[in-house]
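Have a look at the structure below before the remarks.
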Amino acid sequence: MTNWTKIDETVKKWIQEAGTNIRASFTRLLSIQAKSNPNDLVTNVDQETERFFIEQIRTEFPGHRILGEEGQGDDVQSLEGIIWIIDPIDGTMNFVHQQRNFAISIGIYEDGVGQLGYIYDIVHDELYHAQKGQGAWMNDVPLEKLEKVPVETAIIGISSTWLVNNRHFDQTKLVQLAKDVRGTRSYGSAALELAYVASGRLSAYITMRNAPWDFAGGKMIVEEAGGIVSTVSGEGLNMLSVNPVFAAAPGLHEDILKKYLT
Ligand code: 2AM
Ligand code: CA
Ligand code: CA
Ligand code: CA
């Protein structure tokens with residue numbers, strides 16, 4: 001039997017250490033590179049942070065596999081066994097330009113089922129975490145179970161990318177949703193937006209393109225807080241590919257899905 005509570009204690013220690021290192025990097029010169037396009041950034045701190053987690057995991061849990069955004073982990077093609085899905089810095093553009101609104105995101109899955117989830121907002125020192133069947137916390141304070149939210153009072157996280165003409169989704173209904181809700185916000189970090197759905201700061205989050213490392217930690221935390229996470233057609237997320245992601249409080253998830261997403 002896997003001792004998840006022991007793994008939880010270990011991960012929290014590593015996340016604090018990684019956070020301290022990332023904070024210290026603010027006073028050093030960053031090495032910034034573009035990946036797939038000029039706005040798709042990666043820095044030495046993303047890579048060093050990913051490497052830090054990989055080295056710790058390989059030493060402490062040699063049987064576990066690692067799927068990391070910066071590609072220094074394993075070539076993961078299936079979900080068997082224990083897999084750590086890691087985004088060392090989610091919101092790299094914010095990290096580079098704003099030194100805020102970015103987070104470490106980690107989801108630990110066993111045979112495709114989420115067991116532990118973490119999102120650490122380093123600058124605000126806010127650690128969100130969840131353990132399967134045990135609930136979700138922010139800095140060890142339990143998150144209140146999410147309650148039904150009507151569309152009219154909802155604040156939703158959505159990037160302007162999806163409200164203008166785009167090749168992923170007909171934006172017409174999303175524009176209507178943006179008009180009908182109380183407000184929209186865009187933070188530029190999928191992990192933080194999911195953490196905000198879990199804590200009630202946002203009522204929903206919608207994106208047409210998230211990779212497993214963007215949502216692996218957040219999905220667990222939202223679900224343990226009583227929220228619902230799916231694709232924009234209401235299906236379960238594929239943990240090995242890019243998905244459209246729709247997370248929301250109960251009730252609101254159903255209402256938005258029916259009226260604005262189908
Ligand atoms: P990143 O900062 O780790 O790259 C920005 O709106 C959000 O989308 C961030 O969570 C960002 O993660 C993520 N993101 C950026 N480019 C992406 C891509 N090509 N596919 C999926 N997610 C992406
Ligand atoms: Ca990236
Ligand atoms: Ca990311
Ligand atoms: Ca990243």
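When the residues of the range 170-185 are filtered to those that are crowded, with 17+ Cβ neighbours inside 10 Å and touching a residue at least 24 places away in the same chain (Cβ under 8 Å), the one that is nearest to Thr207 (Cα to Cα) is Leu174. Asp87 falls short on exactly one of the conditions (1) touching a Gly at 6+ places or on another chain (Cβ under 6 Å); (2) crowded, with 23+ Cβ neighbours inside 10 Å, and that condition is (1). Among the residues of the range 88-96, is any free of Cβ contacts under 8 Å to residues at least 40 places away in the same chain and within 19 Å of His129 (Cβ to Cβ)? Looking for residues that are free of Cβ contacts under 8 Å to residues at least 40 places away in the same chain and within 19 Å of His129 (Cβ to Cβ), one finds none in the range 88-96, hence no.
For the range 47-59, the criterion of being touching a helix residue (DSSP H, G or I) at 6+ places or on another chain (Cβ under 7 Å), at pLDDT 95 or above and not hydrophobic (A, V, I, L, M, F, W, C) is satisfied by at least one residue.
The strands (runs of 3 or more DSSP E) found entirely in the range 126-190 that carry 2 or more residues being outside the structural domain of Ile106 (by TED's automatic domain parsing) and on the phi < 0 side of the Ramachandran plot are 155-158, 183-185. When residues in the range 99-117 are screened for being more than 16 Å from Tyr128 (Cβ to Cβ) and either within 12 Å of ligand 1 (Cβ to nearest atom) or surrounded by 19 or more Cβ atoms within 10 Å (Cβ to Cβ) (or both), 1 of them pass. The single residue among Arg58, Arg23 that is away from ligand 2 (no atom under 16 Å from the Cβ) and in contact with a His (Cβ under 9 Å, 6 or more places away or on another chain) turns out to be Arg58. Restricting attention to the range 96-124, the residues that are within 16 Å of ligand 3 (Cβ to nearest atom), in contact with a helix residue (DSSP H, G or I) (Cβ under 7 Å, 6 or more places away or on another chain) and of a type in the set (A, V, I, L, M, F, W, C) add up to 6.
Residue by residue through the range 132-158, note down the ones that are under 17 Å from the mean Cα position of the chain (by Cα), of a type outside the set (Gly, Ala, Ser) and surrounded by 20 or more Cβ atoms within 10 Å (Cβ to Cβ). Correct list: Leu143, Ile156, Ile158. Put simply, of Glu60, Glu70, Glu50, Glu9 the only residue that is free of Cβ contacts under 8 Å to residues at least 40 places away in the same chain, more than 16 Å from ligand 3 (Cβ to nearest atom) and not aliphatic (A, V, I, L, M) is Glu9.
Checked against (1) in contact with a Lys or Arg (Cβ under 8 Å, 6 or more places away or on another chain); (2) farther than 27 Å from Thr49 by Cβ; (3) of a type in the set (A, V, I, L, M, F, W, C), Leu127 passes all but a single condition, namely (2). When restricted to residues that are of a type outside the set (A, V, I, L, M) and either in the same structural domain as Leu192 (by TED's automatic domain parsing) or within 16 Å of ligand 4 (Cβ to nearest atom) (or both), the range 47-96 contains 21. For the range 79-89, the criterion of a residue being within 16 Å of ligand 2 (Cβ to nearest atom) and touching a Pro at 6+ places or on another chain (Cβ under 6 Å) is satisfied by at least one position.
For residues that are within 22 Å of His124 (Cα to Cα) and buried (at least 19 other Cβ atoms within 10 Å of the Cβ), scanning just the range 48-84, find the one that is farthest from ligand 1 (Cβ to nearest atom). The selected residue is Phe53.
The values are calculated or read from the model by the stated rules, or taken from the named source; none is laboratory data. Every value quoted in this text rests on a predicted model; they were computed, and no experiment measured them. Don't worry about glycine lacking a Cβ; one is built from the backbone with ideal geometry, like all the others, and counts go over all protein chains shown.
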